[in-house]
Amino acid sequence: MKLAIMGAMPEEIEPLLEFFGKYETVNYANNNYYVVNHKGNEIVIAYSKIGKVNSTIIACTMIQKFGCEKLLFSGVAGAVSPDLKVGDLVVATKLAQHDLDISAFGHPYGFVPEGSVYEEADAKLIEIAKDVASEKNIDLKDGIIVTGDQFVCDSERKNWIAKTFDASALEMEGASVAVTCNALNIPFFILRAISDAADMDASFSFDEFLETSAKISADFVIAMVEKIIND
Ligand code: ADE
């Protein structure tokens with residue numbers, strides 16, 4: 001099995017590299033890929049840099065160049081749902097691009113012709129995550145996660161996103177990874193731990209909790225790896 005695990009920022013993959021310990025570094029197309037041999041399986045780990053374009057390139061490369069058969073994303077997100085607090089884990093059931101807008105032509109937000117507003121995540125990987133959560137007694141939430149090339153730090157924008165997409169959390173890479181994986185028929189899973197509330201205090205909260213929340217998410221993904229490779 002060849003498994004991809006990606007984040008957007010160094011902090012989001014550092015706990016993974018620390019856990020696996022030994023890896024080969026491959027530089028390709030202006031990005032590093034860390035290749036781990038884990039019990040005869042290849043795990044390719046990379047951070048993409050922030051945003052939809054960068055995350056698309058890295059997801060595509062992990063699949064097309066490295067031959068990864070499944071993709072897990074681990075990172076942090078801003079809470080949209082008031083039920084989500086800093087450190088809470090949320091897995092995406094489906095994802096949409098909140099900044100994709102050709103509504104001038106009568107289309108719904110997040111939609112372009114021949115596409116769809118929502119991209120569904122892989123049900124089997126979500127099931128594995130729920131098994132891990134119940135075994136470890138972790139409160140894993142699920143919901144719609146939305147993505148845009150924008151750090152949201154404004155309650156008005158957040159409330160619009162909540163209402164328009166019924167979203168639980170927002171970030172800057174998940175939906176583009178989802179579009180890529182679905183186009184290439186690769187099962188994917190997007191996990192986020194909350195770092196902020198996407199409100200006026202978001203940038204401070206993000207700086208304060210990026211590392212701890214990123215580790216909560218990465219540790220959960222590590223716990224899923226064994227079950228995925230034995231699946
Ligand atoms: N990732 C974590 N917090 C975020 C926010 N407020 N906006 C966009 N991406 C985020």
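Bear in mind that the values in this text are calculations on the coordinates, not laboratory data. Quick caveat: nothing in here was measured; it's all calculated off a predicted structure. Please note: Cβ atoms are built from the backbone with ideal geometry, for glycine as well, and neighbour counts cover all protein chains shown.
Annotations for the structure displayed:
- Residues (buried (at least 19 other Cβ atoms within 10 Å of the Cβ) and charged (D, E, K, R)) located in the stretch 12-56: Glu12, Lys52
- Answer residue from the stretch 15-41, given it is touching a Phe, Trp or Tyr at 6+ places or on another chain (Cβ under 9 Å) and not in a strand (DSSP E or B) and is farthest from Phe189 (Cα to Cα) among those: Tyr23
- The stretch 155-183: number of residues that are outside any helix (DSSP H, G or I) and either farther than 18 Å from Val90 by Cβ or away from the ligand (no atom under 14 Å from the Cβ) (or both): 1
- Breaking point among (1) closer than 17 Å to Lys52 by Cβ; (2) in contact with a His (Cβ under 8 Å, 6 or more places away or on another chain), for Leu184: (2)
- Residue among Ser116, Ser81, Ser134 that is outside any loop (DSSP other than H, G, I, E, B) and either more than 25 Å from Glu11 (Cα to Cα) or of a type in the set (Ser, Thr, Tyr) (or both): Ser134
- Residue check, Val76 touching a Ser or Thr at 6+ places or on another chain (Cβ under 6 Å), outside any helix (DSSP H, G or I) and within 21 Å of Ile5 (Cα to Cα): yes
- Single residue of the stretch 184-215 satisfying the filter (away from the ligand (no atom under 11 Å from the Cβ), surrounded by fewer than 24 Cβ atoms within 10 Å (Cβ to Cβ) and closer than 28 Å to Ser116 by Cα) that is nearest to the chain's Cα centre (by Cα): Pro187
- Of all the criteria given as (1) more than 16 Å from Ser55 (Cα to Cα); (2) within 16 Å of the ligand (Cβ to nearest atom), the one not satisfied by Ala96 is (1).
- Pairing residues of the stretch 75-91 that are polar (S, T, N, Q) with residues that are more than 9 Å from the ligand (Cβ to nearest atom), at Cβ distances under 6 Å and at least 6 apart in sequence or on separate chains, gives Ser81/Ser168.
- Failed criterion for Ala59 (all others in (1) surrounded by 18 or more Cβ atoms within 10 Å (Cβ to Cβ); (2) small (Gly, Ala, Ser); (3) away from the ligand (no atom under 15 Å from the Cβ); (4) outside any helix (DSSP H, G or I) hold): (4)
- Only residues that are within 13 Å of the ligand (Cβ to nearest atom) and in contact with a Ser or Thr (Cβ under 7 Å, 6 or more places away or on another chain) were counted in the stretch 99-118, giving 0.
- Boolean, Leu3 is part of a helix (DSSP H, G or I) and either among the hydroxyl-bearing types (Ser, Thr, Tyr) or in contact with a helix residue (DSSP H, G or I) (Cβ under 8 Å, 6 or more places away or on another chain) (or both): no
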